[in-house]
Amino acid sequence: MKKIYLFALLTFSLCTIHVTAQELDEDGVIIINWEALQETKPYEKSEVWEPIPEKVSPGYLTQAPSDATILFDGKNLDHWHHPKFGYGARMDQVESVLTAKLRADEYKPAAWQIKDGAMIVQPGSGPIETKKKFGDAQLHIEWLSPVDPGKSGQYYSNSGIFFMGLYEIQVLNSYENETYANGQAGSIYKQTIPLVNASRPPGEWQSYDIVFTAPTFKADGTLQSPASMTAFHNGVLIQNHTILKGPGVYIGDSHYIPHPEKLPLLLQDHGDMVRFRNIWIREL
Ligand code: MG
């Protein structure tokens with residue numbers, strides 16, 4: 001007991017000495033004596049020197065950086081195909097589609113048009129997906145809603161970007177076009193409303209820059225960590241590390257179902273001739 005008491009007293013005294021030894025300015029703010037610190041260099045303790053981040057040449061504005069995989073450069077659909085099994089509208093359907101997809105990866109050539117350096121949704125031909133599979137990724141994609149004053153709501157330039165063919169961020173004309181907020185452009189479809197509406201008018205090119213983190217599952221198939229998305233719409237933050245409830249579904253609630261670490265990226269055919277261009281991805 002005595003020892004502990006003495007130790008406490010000593011510590012207290014040292015602290016007192018330490019505090020009183022500090023020089024204060026006229027406002028009571030501690031002045032750091034930088035010259036004296038040159039001898040002990042306490043600031044070096046919080047410096048981390050390794051690992052050294054890999055050098056990457058940044059692109060100019062929306063140009064792909066040097067380590068990106070170019071998914072569409074305006075010339076062809078070589079990186080894409082049309083899957084026999086696309087996506088589901090309700091969780092039970094999502095599960096059956098995924099089961100079928102994993103059992104047999106069947107597909108046809110992507111049938112969307114290419115015009116003026118853009119790919120255009122061919123209504124009725126179905127979604128297209130990447131031949132390559134991705135998990136965690138940074139995606140850049142540009143899209144355009146064609147001008148069509150006769151359309152409104154969910155029928156005005158609807159498409160969608162489905163990470164892993166499951167997790168959708170909505171593509172829609174949301175410039176003076178009312179719809180449910182968790183279904184407008186930049187929403188995590190039917191889950192999370194975007195922070196702001198950064199939409200440009202129809203007829204103008206827009207961009208999404210998205211960081212997607214794939215969910216992980218335990219050996220027994222239960223969820224280990226959920227998926228998340230951070231997204232910029234035309235350079236404006238609209239989803240800030242948003243945690244997903246599960247796949248994007250049109251009907252009912254979502255929940256996680258186990259799936260492989262990597263799956264194709266899918267673009268939706270919702271019957272509107274939405275255009276896409278300059279699509280690149282960086283695996284994380
Ligand atoms: Mg959609």
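Each reported figure results from applying straightforward, stated rules to the coordinates on display, with no laboratory input. What you see is a predicted model, and the numbers here were worked out from it, not measured in a lab. Note: ideal-geometry Cβ built from the backbone for every residue, glycine included; neighbour counts use all protein chains shown.
Some observations on this one:
- Residues in region 239-275 that are surrounded by fewer than 14 Cβ atoms within 10 Å (Cβ to Cβ), in contact with a Pro (Cβ under 8 Å, 6 or more places away or on another chain) and outside any loop (DSSP other than H, G, I, E, B): none.
- Taken over region 124-154, residues that are within 10 Å of Leu265 (Cα to Cα), within 16 Å of the ligand (Cβ to nearest atom) and of a type outside the set (A, V, I, L, M) amount to 1.
- Ser157 meets all of the listed conditions (1) farther than 24 Å from Val97 by Cα; (2) more than 12 Å from the ligand (Cβ to nearest atom); (3) of a type outside the set (Asp, Glu) but one, namely (2).
To keep it simple, each residue is scored yes or no on (1) buried (at least 17 other Cβ atoms within 10 Å of the Cβ); (2) farther than 18 Å from Val274 by Cβ; (3) in contact (Cβ under 8 Å) with a residue 24 or more places away in the chain.
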| residue | (1), (2), (3) |
| --- | --- |
| Ala181 | no, yes, no |
| Tyr189 | yes, no, yes |
| Leu195 | no, yes, yes |
| Lys218 | no, yes, no |
| Leu237 | no, yes, yes |
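- Of all residues making up region 98-140, the number that are crowded, with 19+ Cβ neighbours inside 10 Å and assigned to a helix (DSSP H, G or I): 2
- Enumeration of residues in region 161-192 that are within 11 Å of the ligand (Cβ to nearest atom), within 13 Å of the chain's Cα centre (by Cα) and outside any loop (DSSP other than H, G, I, E, B): Ile161, Phe162, Glu168, Ile169, Gln170
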